[in-house]
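Novice: The structure is given below, and queries will be raised subsequently.
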Amino acid sequence: MDKTITAFKPNQIRSFFAKSDLLDRMTLRPLSHITTSWECAWNGETRQYEPEADSFAADLNAVIDLLATCERPERYHDHEDTLAERTLSQLKWPIQKKGAQWHGADYHSILEQGAFGDIGQEDLIAAAAGRVYAAMEFGQFHFDDMEERHLNMLAGLITMIIYHRDCDGSSLRIAEKAD
């Protein structure tokens, strides 16, 4: 059976994240131990979330742009497996794959740890982009409309990308000015 892969335009991917009621709460709030400014406001003129001091809103916009311009991976699970395999081989975590699932630790933690290093973020971005494409192919054209399990996974991947950007110094977060 021939499986056709749908190509969506970058603006369709960006619209997937527009005016979301859940996006900031699910992707930036978990990073509130780094900065407490996690709520984002949508700017209809710029069609982006409004960057603010000491906020990851600008990083969220940058990640959305990365996902919108990422070539659609054929199998996004392969990128997640690469991260998990890196956690197993390099960090020696006691995890193993049974069937299609990884066991032995929290899946988000496995992927987050496997993403440290030179190429880890690329796998996170490809995995997240693949999940967006998959959602849209299943008729879920907005982040807030995704099936819950996949929504939580995509949100986690975006959080990890922003966290790694902060860790490696590529974050766009601007510290709040002291009085």
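The values are calculated or read from the model by the stated rules, or taken from the named source; none is laboratory data. Note that the coordinates shown come from a computational prediction; the quantities given were computed from them, not determined experimentally. A quick note on method: Cβ atoms are made from the backbone with ideal geometry, for glycine too, and the neighbour counts reach across all protein chains shown. Only protein heavy atoms, including side chains, enter the accessible area calculation; ligands, DNA and RNA are left aside. Shrake-Rupley method; radii C 1.70, N 1.55, O 1.52, S 1.80 Å.
Novice: Solvent-accessible area per residue for segment 1-105 at a 1.4 Å probe radius, Å²?
Specialist: In whole numbers, segment 1-105 has 61 Å² accessible per residue.
Novice: Let me ask another. Take the solvent-accessible surface of the protein heavy atoms, probe 1.4 Å, and return the percent of it on the chain that carbon and sulfur atoms account for.
Specialist: On the way: 4850 of 10020 Å².
In the chain, the share of accessible area belonging to carbon and sulfur is 48 percent.
Novice: Would you list the membrane-span-like helices of the chain, meaning whole DSSP H runs whose alpha-carbon atoms span at least 20 Å along their axis and whose mean Kyte-Doolittle value is at least -1.0? Don't skip to the answer; put the middle values down first.
Specialist: Details: long enough: 76-91 (22 Å, -1.17); 120-137 (26 Å, 0.26); 148-168 (30 Å, 0.06).
Qualifying helices, which must be both long enough and hydrophobic enough, are 120-137, 148-168.
Novice: So, one more: With mean projected area of the Cα convex hull in nm² in mind, check (i) 12.9; (ii) 10.8; (iii) 11.6 and report the label derived from this structure.
Specialist: Among (i) 12.9; (ii) 10.8; (iii) 11.6, the one calculated here is (iii).
Novice: With a Förster radius of 22 Å, plug the Cβ-Cβ distance of ASP106 and HIS77 into 1/(1 + (r/R0)^6) and report the FRET value to the nearest 0.05. Intermediate results must be reported in sequence, preceding the final value.
Specialist: Details: r = 17 Å, r/R0 = 0.79.
After rounding, the FRET efficiency stands at 0.80.
Novice: For a test of the definition: using alpha carbon positions, the gyration tensor, and the 1.5 limit on a/c, classify segment 43-128 as rounded, prolate or oblate.
Specialist: On the way: a/c = 2.83, a/b = 2.01, b/c = 1.41.
In terms of gyration-tensor shape, prolate.
Novice: Determine the order of ARG149, ARG173, ARG72, ARG131 by accessible area, beginning with the largest, at a probe radius of 1.4 Å.
Specialist: Working: ARG149 170, ARG173 70, ARG72 45, ARG131 15 Å².
Reading off the accessible areas and sorting them downward yields ARG149, ARG173, ARG72, ARG131.
Novice: For the pair ALA53 and LYS92, how long in nm is the line joining their label points, each one 7 Å along Cα→Cβ?
Specialist: 4.7 nm
Novice: Next question. What number, in percent, do you get for the relative contact order of segment 54-179 if the mean sequence gap of Cα pairs under 8 Å and at least 6 apart is divided by its residue count?
Specialist: Numbers: 126 pairs, mean separation 47.1, N = 126.
Normalised by residue count, the contact order of segment 54-179 is 37 percent.
Novice: Just how large is the dipole of segment 4-157 about the Cα centre, in debye to the nearest 20, putting +1 at every Lys and Arg Cβ and -1 at every Asp and Glu Cβ?
Specialist: 380 debye
Novice: Could you give the length gained by full extension between CYS167 and HIS150, i.e. 0.36 nm per residue of separation minus their alpha carbon distance, to one decimal place?
Specialist: 3.6 nm
Novice: Alpha carbon centre of segment 111-155 versus segment 41-55: separation in Å?
Specialist: Centre-to-centre (Cα) distance: 22 Å.
Novice: Using Cα-Cα distances under 8 Å and only pairs 6 or more residues apart, what relative contact order does segment 21-61 have, in percent? Kindly include the intermediate steps, with their values, before the conclusion.
Specialist: On the way: 43 pairs, mean separation 11.9, N = 41.
Relative contact order for segment 21-61 comes out at 29 percent.
Novice: Based on the mean of other beta carbon atoms within 10 Å per residue, what is the order of 57-66, 90-99, 25-34, most packed first? Write down the numbers at each step before the final one.
Specialist: Details: 57-66: 21.2, 90-99: 11.5, 25-34: 16.9.
Top of the packing list down: 57-66, 25-34, 90-99.
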